[in-house]
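These notes concern the structure reproduced below.
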Amino acid sequence: MILSYVITMPSVGSWNGKWSGSNNFYARTRNYRGKEGTEKATKILNGGPYYYRWDDGWGASIDVQKIDGKEKKRIDRKTKGFIGYDWMIDSIEIDQTITHKSDRKEV
């Protein structure tokens with residue numbers, strides 16, 4: 001199964017209320033193979049969309065969708081990257097929420 005992760009910044013804490021990257025497309029695609037991969041992808045799809053808020057008023061939203069190989073190629077060509085927030089996808093994969101590693105409790 002292939003999932004796309006698209007990030008936007010719906011809550012903006014800048015002086016002018018705008019995000020300089022709002023006109024760009026930021027996305028990642030990830031493949032999930034086998035039974036375990038499919039189960040993980042299904043949990044991720046059922047838990048979204050995902051949101052993370054910083055203390056300064058900024059907030060990121062990540063929309064997750066199941067896509068096919070053709071759409072994956074289109075997204076991979078069009079994206080401007082994930083603006084340094086790949087850790088959010090990693091967090092979603094671990095526990096179906098966005099938690100910064102500094103906020104995680106040691107197990």
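The values are calculated or read from the model by the stated rules, or taken from the named source; none is laboratory data. Note that the coordinates shown come from a computational prediction; the quantities given were computed from them, not determined experimentally. Methodologically, a virtual Cβ is constructed for each residue, glycine included, from the backbone with ideal geometry; neighbour enumeration extends over all protein chains shown.
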Every residue from segment 73-107 that is modelled with pLDDT under 90 and surrounded by 14 or more Cβ atoms within 10 Å (Cβ to Cβ)
Gln96, Thr99
Determine, yes or no, whether Tyr32 is of a type outside the set (Gly, Ala, Ser), over 17 Å from Ile7 (Cβ atoms) and touching a helix residue (DSSP H, G or I) at 6+ places or on another chain (Cβ under 7 Å).
yes
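Given the structure, is Tyr50 within 11 Å of the chain's Cα centre (by Cα) and aromatic (Phe, Trp, Tyr)?
yes
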What helices (runs of 4 or more DSSP H) completely inside segment 1-95 contain at least 1 residues that are in contact (Cβ under 8 Å) with a residue 40 or more places away in the chain and basic (Lys, Arg)?
34-47, 69-78
